[in-house]
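Working notes, structure below.
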Amino acid sequence: MASASASTTSGNTKTVYLVRHAESEENVATITLIDSFRGLYSTPPARPSADGDQTPKEQVTPGFFGRIAGLASATTSFTSILGSDAELSPLGRRQIAEVRDKLAAASFWTGSSKPDLLVHSDMRRTTETAYGIMGVPAPAHVTIAATDRGEGTFGEPKSVAPGLPPVIATSALRERSVPEFFSPAPLDGRVRRFAGWLAARPERTIVVVGHAYHFKLLMNHGRGGGGGEEEVKWKMRNVDVWEGRFVVDGKGAESAGPASPGAGAGAVESPRGRFLRDAWVRRFWSDQVEVNELFDYEGKERK
């Protein structure tokens, strides 16, 4: 496994670790629906069992009408949970435990390059993942108010435990909602706001716990500045920990809000930043992960 030591930061460059939340019940519903579609014509791959056994179990393929009924049930479950503040699945909780142990073994939180700050989406699955990978109980769930335009605001930093970084919850990291599939302006605003806030923060090493699609947009934020950088097309797996280089490269009018996490939002003259597209390194991951090529990397090496 690669070392947990963060890259040395200097000047206007920060080390940022992006951590996708552990598997949620919404993820399970999505995968179940996809497998149900596939199951109309073939037997889908076995899912890890509830007790953590990775050995595929013998599967009984129902008749065609039974598979139609299964598809209808999966569709109902998916539509009922889509866009909700979903809980973690049992597999997700095991993923957190595995990555927590890997981080602790690598002295990620206590070494010379330990993070200065952790910020997470205020949704349940990200809150539980953020505290879980640090090995401390998650507090009572509290949502952070968004702006009228849905761009998100930031809570106050909280002390978690001696030796661990302060924690900030934010609605600016929330994942794409169902309406934003069709009208993405609020999501785009959240990405811009978070990038500006990240650029304005004084910390040099920051852990960000969030969501796959928001991260994909964030990774590509500010691309096209003449550097010839390729677009990031891959999406992170559950509880993947990727180290990136975030460059603060000037100021501009961004709806990013001021550096103070508790201050009001608005269009301000704030620092602007972007991730270097060729500097991503996958540091930690869970081996207990649902394999589904529809959500896999596009040619991105995992290990």
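A few points about this structure:
- Among (1) over 20 Å from residue 284 (Cα atoms); (2) assigned to a loop (DSSP other than H, G, I, E, B); (3) aliphatic (A, V, I, L, M), the one test that residue 164 misses: (1)
- The number of residues in the range 125-163 that are at pLDDT 85 or above and basic (Lys, Arg) comes to 2.
- The conditions of being outside any loop (DSSP other than H, G, I, E, B), among the charged types (D, E, K, R) and at pLDDT 95 or above are met by residue 243.
- Here 218, 187 are screened, and the one residue that is surrounded by 21 or more Cβ atoms within 10 Å (Cβ to Cβ), of a type outside the set (Gly, Ala, Ser) and either modelled with pLDDT of 95 or more or closer than 29 Å to residue 287 by Cα (or both) is 218.
- Residue 118 fulfils the conditions (1) in contact with a strand residue (DSSP E or B) (Cβ under 8 Å, 6 or more places away or on another chain); (2) in a loop (DSSP other than H, G, I, E, B) except for a single criterion, (2).
- Residues in the range 109-141 that are under 13 Å from residue 167 (Cβ atoms), touching an Asp or Glu at 6+ places or on another chain (Cβ under 9 Å) and in contact (Cβ under 8 Å) with a residue 60 or more places away in the chain: 115, 116, 117, 121, 126, 128.
The values are calculated or read from the model by the stated rules, or taken from the named source; none is laboratory data. Keep in mind that what you see is a predicted model, and the values were worked out from it rather than measured. FYI the Cβ positions are ideal-geometry reconstructions off the backbone, even for glycines, and counts take in every protein chain you see.
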